[in-house]
Amino acid sequence: MSRIVYVNGRYLPQAQARVHIDDRGYQFGDGVYEVCAIRGGMLIDEAPHLKRLERSLGELRIAWPVGVEQLRHVMRETVRRNRVENGLVYVQITRGVARRDHPFPAGNVKPSLVVTARSLAIENYDRWAETGVAAMTLPETRWARCDIKSTSLLANVLAKQQAREAGAFEAWFVDREGLVTEGASTNAWIVDAEGVLRTRRLDHAILPGVTRGEIIPLCRQHGIAFEERAFSVESAKSAREAFVTSASAGVIPVVSIDGGKIGDAKPGPVARALRAAYWGSRQGIG
Ligand code: PDD
């Protein structure tokens, strides 16, 4: 079955789908995106993903290309047409097509909308959750507004590739103060030496991960001591546990950082409990 994608009002076989070379997404990365997990054919955490999309659009002053209800319909229809049971739906909105010139184009340029859906081998994530994965740290080289889910992801791409070449699943960016910001495509967490679960507070340095936001109330429900407080690379390396969160990964334990073991190099109880609680609480949502 060939993949069907939605591009600016039409569902097309992927091979026939086109975006204009003057699209500002292509020319400048002048666009935003969202990624929602699909489990059992249902969209997971759709409402907070759409809320963040609205915020990202607002920050870049890009208008909705279609109404939100219409977009929700297109997302479902793209999932349905591709028969995705477990996977991801991807939404990209750019400022649209205009003669290449850096400032925002004048006049009524219609934003471009692309929606795709694809299956994910979720058994890989289940396996990684069993064994835990490796992370490496890298200097923060991204721009200063990482809170916007923008499509300007070159620094993230380079970091992820460097991690993969070093045998790591994820790269953790480290700011000038030596504090971990987040992963190339995930949020970063540790259970520190005192047993406190920590992730950086929301500011311009990190993406407000939807999964991150949904995990926090689960910590309270499970009586896990939690603080939104940045941690240093040293604290991460001497942590009891570490893990990453994202729509695609859910919760995946990190068992080594820069080659050094975290705890006993096995997924720890907090990461396991939160992974089970997160996916457990998302059965039958849609
Ligand atoms: N990445 N930080 C960054 C830089 C990300 O790109 C992502 C998500 C996250 C986690 O956010 P959420 O929980 O909302 O998925 C944090 C998506 C999955 C991607 O780019 O494919």
Exercise. Kirkwood Rh, Cα Rg: Rg to Rh for region 138-286?
Worked result: 0.94
Exercise. Roughly how much of K110 is accessible, in Å² to the nearest 10, using a 1.4 Å probe?
Worked result: 140
Problem set entry | In degrees, nearest ten, helix 46-60 long axis to first principal axis of the chain (Cα) | 70
Problem set entry | Interchain or long-range residues, amide H under 5 Å from F104's placed H | none
For this session: Starting from the Cα of Q283, step 7 Å along the direction of its Cβ; do the same at F28; then give the gap between the two resulting points in nm.
Result: 4.8
Exercise. What percent do you get for the relative contact order of the chain when only Cα pairs under 8 Å and 6+ apart count?
Worked result: 18
Exercise. Using Cα pairs under 8 angstrom and six or more residues apart, how large is the relative contact order of region 125-281, in percent?
Worked result: 27
For this session: Evaluate E = 1/(1 + (r/R0)^6) for A193 and A106, where r is the Cβ-Cβ distance and R0 equals 45 Å; express this FRET efficiency to the nearest 0.05.
Result: 0.20
Problem set entry | Beta bridge orientation in region 125-281: antiparallel %, DSSP, nearest 5 | 60
Exercise. Between V35 and Q14, 0.36 nm times their residue separation minus their Cα-Cα distance comes to what?
Worked result: 5.7 nm
Exercise. So which lysines pass the test for K160, namely a Cα distance under 29 Å, with those fewer than 8 places away in the same chain ruled out?
Worked result: K51, K149, K237, K261, K266
Problem set entry | Point-to-point label distance, S119-E69, nm (Cα→Cβ direction, 7 Å offset) | 3.4
Seminar exercise, completed: For region 138-214 the translational diffusion coefficient, Stokes-Einstein from a Kirkwood Rh over Cα pairs at 4 °C and viscosity 1.567 mPa s, in µm²/s, is roughly 100
For this session: Keeping every protein chain in place, order K261, K149 by accessible area at 1.4 Å, biggest value first, i.e. largest first.
Result: K261, K149
For this session: Would you work out the relative contact order for region 86-183, in percent, from Cα pairs under 8 angstrom that are 6 or more residues apart?
Result: 24
Seminar exercise, completed: Computed over region 33-88, the distribution of all Cα-Cα distances in 5 Å bins, rounded to whole %, is 5, 18, 28, 24, 15, 7, 3
Seminar exercise, completed: Dimensionless Rg/Rh of region 64-221, both radii on Cα and Rh by Kirkwood, sits at 1.00
Problem set entry | region 263-280 - phi-based ³J(HN,Hα) in whole Hz, Karplus 6.51/-1.76/1.60, Gly and Pro as x | x, 9, 6, 10, x, x, x, 5, 4, 4, 5, 6, 4, 5, 5, 5, 5, x
Problem set entry | Protection proxy ranking, peptides 52-62, 165-175, average beta carbon neighbours within 10 Å, highest first | 165-175, 52-62
For this session: Calculate what fraction, in whole %, of the accessible area of region 148-220 sits on carbon and sulfur atoms when a 1.4 Å probe is rolled over the protein chains.
Result: 53
Exercise. Dividing the alpha-carbon radius of gyration of the chain by 2.2 N^0.38 Å (N being the number of residues), what value is obtained?
Worked result: 1.02
Exercise. How big is the accessible area of M42 in square angstrom, nearest 10, if you roll a 1.4 angstrom probe over the protein chains?
Worked result: 80
Seminar exercise, completed: Length gained, A144-N86, 0.36 nm per residue minus C-alpha separation, equals 17.5 nm
Exercise. What is the set of long-range amide H partners of V5 at a cut-off below 5 Å, with H atoms built 1.01 Å from backbone N?
Worked result: L12, Q14
For this session: Convert each backbone phi in region 103-108 into a coupling constant with the Karplus relation 6.51 cos²θ - 1.76 cosθ + 1.60 (shift: θ = phi - 60°), then list the ³J(HN,Hα) values in order as whole Hz, x for Gly and Pro.
Result: x, 4, x, 7, x, 8
Problem set entry | 5 angstrom amide H check on W189, placed H, neighbours 5+ away | F243
Seminar exercise, completed: Computed over region 137-286, protein heavy atoms only, probe 1.4 angstrom, the accessible area per residue in square angstrom equals 43
Exercise. Per 5 Å bin, what percent of the C-alpha pairs of region 4-120 does each bin hold, from zero upward?
Worked result: 2, 12, 22, 23, 19, 13, 6, 2, 0
For this session: Return the calculated 222 nm mean residue ellipticity for the chain, to the nearest 500 deg cm²/dmol, obtained by summing -39500 (n - 2.57) across DSSP H runs with n ≥ 4 and dividing by the residue count.
Result: -9000 deg cm²/dmol
Seminar exercise, completed: Measure of exposure for W128: accessible area at 1.4 Å probe, Å² rounded to 10, is 80
Seminar exercise, completed: About its Cα centre, the chain carries a charge dipole, from +1 on Lys and Arg Cβ atoms and -1 on Asp and Glu Cβ atoms, whose size in debye to the nearest 20 is 880
Seminar exercise, completed: Residue by residue through region 214-226, the couplings from Karplus 6.51 cos²θ - 1.76 cosθ + 1.60 with θ = phi - 60°, in Hz, x for Gly and Pro, are 7, 6, 4, x, 5, 4, 4, 4, 9, x, 8, 5, 9
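The values are calculated or read from the model by the stated rules, or taken from the named source; none is laboratory data. Worth saying up front: this structure is predicted, and the values here are computed from it rather than measured. Note that each Cβ is placed from the backbone with ideal geometry, even for glycine, and that neighbours are counted across all protein chains shown. For accessibility, only protein heavy atoms count, side chains too; no ligands or nucleic acids. Shrake-Rupley method; radii C 1.70, N 1.55, O 1.52, S 1.80 Å.
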